[in-house]
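Trainee: If you scroll down you'll find the structure; I have some questions about it.
The values are calculated or read from the model by the stated rules, or taken from the named source; none is laboratory data. These numbers come from a predicted model, not from an experiment. Neighbour counts are summed over all protein chains in view; Cβ atoms, including those assigned to glycine, are modelled from backbone coordinates with ideal geometry. Quick note on the areas: whole protein, heavy atoms, side chains included, nothing else; ligands and nucleic acids left out. Shrake-Rupley method; radii C 1.70, N 1.55, O 1.52, S 1.80 Å.
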Amino acid sequence: MQAPPANGRREEAGVVGPEHDYSTKSEFAYAWLRDKIVSHEFAPGEILNQALIARRLGISTTPLREALRRLKSEGLVELDAYRDARATALSPEEARDLVEIRLAVDPLAAALAAERRSKDDIAEMRASFQIDALPDRPSIADLVAHRRFHRAIYRASHNEILISTLDDLWDKADRYRLVGLRDRTDERDRAVTADEHRQLLDAVIAGDADAASTIMHRHIRGSLGAKAASRLTRLQSAGSDAHESD
């Protein structure tokens, strides 16, 4: 098997490739499962049949369990005492928490990027800026491209703790973006998002920290994560009202 990406994060490599692209069977199982969970092919709350998955991947359950433990540490999988596994359910509380944290740290990362970006950082930001807003039915490749652009911005902050924090937040937030897409009904939202990406890129390259921070704050407030939090809260409220009326 070839070594995985140096930073250990599969989004830098693109989509999941064949098993021989990974250094271990556990790494391969992790990448495959993560894609299925993030894309909702394994729906939130769905039980993961370990025997069937291991057979499908052509591996034993030992590396599969290692992958599941890693996904549990990222909050994507729940494991109980009987070793049953399920994709973690989505919650309006977690969606809200993610948005609140990102409203604090993403603008900071954008401002620092404007102050500290290097020529290599600018080249990566421009290379990743071939994206528009996510389509209504994004593929894993679409999510990877979207993440690559934002990661190019916050990596240019050259603050390793901030970069690690945002990496972890994106790991948790990926599934919520698909929920947020269900509330986008026309092209105007996508046009606004694409324009914000352009404004953000221009501000960071120009070294305008205040503008970069302001644009990023506005971008997060209108993000798919924010839409997901709102949608899940409405659904929870509607469910509570229906229960009370029974």
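Trainee: Run the accessible area of the range 150-203 with a 1.4 Å probe and give the carbon-and-sulfur part as a rounded percent.
Mentor: 48
Trainee: Tell me, what ³J(HN,Hα) does each residue in the range 103-114 have, in order and in whole Hz, if you take phi through Karplus 6.51 cos²θ - 1.76 cosθ + 1.60 with θ = phi - 60° and put x for Gly and Pro?
Mentor: Result, ordered by residue: 5, 8, 9, 5, x, 4, 4, 5, 5, 5, 4, 4 Hz.
Trainee: Here is a follow-up. Packing-wise, with mean Cβ within 10 Å as the measure, how do 24-34, 212-222, 91-101 rank, highest first?
Mentor: In decreasing order of mean packing, 24-34, 212-222, 91-101 become 24-34, 212-222, 91-101.
Trainee: Would you mind putting 108-117, 67-76 in packing order, based on average other-beta-carbon counts within 10 Å, highest first?
Mentor: For the peptides 108-117, 67-76, the packing ranking is 108-117, 67-76.
Trainee: Taking R0 as 30 Å, what's the FRET efficiency between residue 61 and residue 164 from their Cβ-Cβ distance, rounded to 0.05?
Mentor: The pair residue 61/residue 164 has a calculated efficiency of 0.45.
Trainee: While we're here: List the residues whose amide H sits under 5 Å from the amide H of residue 77, counting only those 5 or more places along or on another chain, with H placed 1.01 Å from N in the peptide plane.
Mentor: 72, 88
Trainee: Still on this structure: Find the eigenvalues of the gyration tensor of the Cα atoms of the range 85-215, then list the square roots of 5 times those eigenvalues as equivalent ellipsoid semi-axes, largest first, in whole angstrom.
Mentor: After diagonalising the Cα gyration tensor, the semi-axes are 24, 18, 14 Å.
Trainee: With every protein chain left in place, what is the accessible area per residue of the range 70-128 in square angstrom, probe 1.4 Å?
Mentor: Dividing the accessible area of the range 70-128 by its residue count gives 54 Å².
Trainee: Still on this structure, I have one more. Pulled fully out, how much extra length does the chain show between residue 86 and residue 69, if you take 0.36 nm times their separation in residues and subtract their Cα-Cα distance?
Mentor: Here the answer is 5.0 nm.
Trainee: Between residue 23 and residue 126, 0.36 nm times their residue separation minus their Cα-Cα distance comes to what?
Mentor: Full-extension gain reported as 34.0 nm.
Trainee: Placing +1 on the Cβ of each Lys and Arg and -1 on the Cβ of each Asp and Glu in the range 48-95, which of 71, 53, 85 has its Cα farthest towards the positive end of the resulting dipole?
Mentor: 53
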